[in-house]
1. Could you look through the stretch 1-34, keep only residues that are of a type in the set (D, E, K, R) and free of Cβ contacts under 8 Å to residues at least 12 places away in the same chain, and pick out the one that is nearest to residue 67 (Cα to Cα)?
2. Within the stretch 61-87, take every residue that is crowded, with 17+ Cβ neighbours inside 10 Å and touching a Pro at 6+ places or on another chain (Cβ under 7 Å) and give me the one that is farthest from residue 101 (Cα to Cα).
3. When the stretch 10-37 is examined, which residues are found to be under 26 Å from residue 130 (Cβ atoms) and in a helix (DSSP H, G or I)?
4. In the stretch 129-153, which residues are within 17 Å of residue 68 (Cβ to Cβ), β-branched (Val, Ile, Thr) and modelled with pLDDT of 95 or more?
5. If a residue has to be charged (D, E, K, R), in contact (Cβ under 8 Å) with a residue 12 or more places away in the chain and loosely packed, with under 14 Cβ neighbours inside 10 Å to count, how many in the stretch 98-139 make the cut?
6. Taking residue 115 as the residue in question, decide whether it is small (Gly, Ala, Ser), modelled with pLDDT of 95 or more and under 13 Å from the mean Cα position of the chain (by Cα).
7. Can you go through 53, 32 and tell me which one is within 21 Å of residue 127 (Cβ to Cβ) and either aromatic (Phe, Trp, Tyr) or over 17 Å from the mean Cα position of the chain (by Cα) (or both)?
8. Any chance you could count how many residues in the stretch 104-128 are of a type in the set (A, V, I, L, M, F, W, C) and closer than 19 Å to residue 69 by Cα?
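The values are calculated or read from the model by the stated rules, or taken from the named source; none is laboratory data. The shown structure was predicted, so the numbers you read here are calculated from the model rather than taken from an experiment. Cβ sites come from the backbone with ideal geometry, for glycine too, and all protein chains shown count toward neighbours.
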Amino acid sequence: MGKTEEILNQFHQVSRDVLIPMLQAVQDECGYLSEEAIEKIGSHLSLPASKIYGLATFYNQFRFAPTGKFHIQVCNGSACHLDHSISILKELFKHLGIRDGETTRDGMFSLEVLACIGACGQSPVIAINGVYYPKVKAGMIKDILEITKLKSS
């Protein structure tokens, strides 16, 4: 039995009411919602995969591709936006060659822009695998990426 089946078997109530918690549980365990996982959830709930995919794409919280080894989240909430988070994003685009929701070809980095990361007093903020970098300036991005790469060695 695979990870997805194990997760689905934890839900004793088999109804549409558990669809979002199921999707969240599968993504938490697998890192994203694969096509195969969506099909298994659909089969488990007797729903077409297209309905599940339609619901999942409505919410920003769900991902449909694996994240990189280092998942970078950039806050673009009001405080961070006013403190020039766009310049940080541009710098990340330049150094990584990817956009929001993408992963580098080598699988090392992925990028996600968030509406708020919840650290407004430290704006602008980025997080890499849950480690927060406060008061980031565009000129710091190259060094942050280099340090992150060194951690993988």
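1. Out of the qualifying residues, it is 28.
2. 83
3. Result: 20, 21, 22, 23, 24, 25, 26, 27, 28, 29, 30, 37.
4. 141, 144
5. 3
6. In short, no.
7. 32
8. Looking only at that region, the number is 8.
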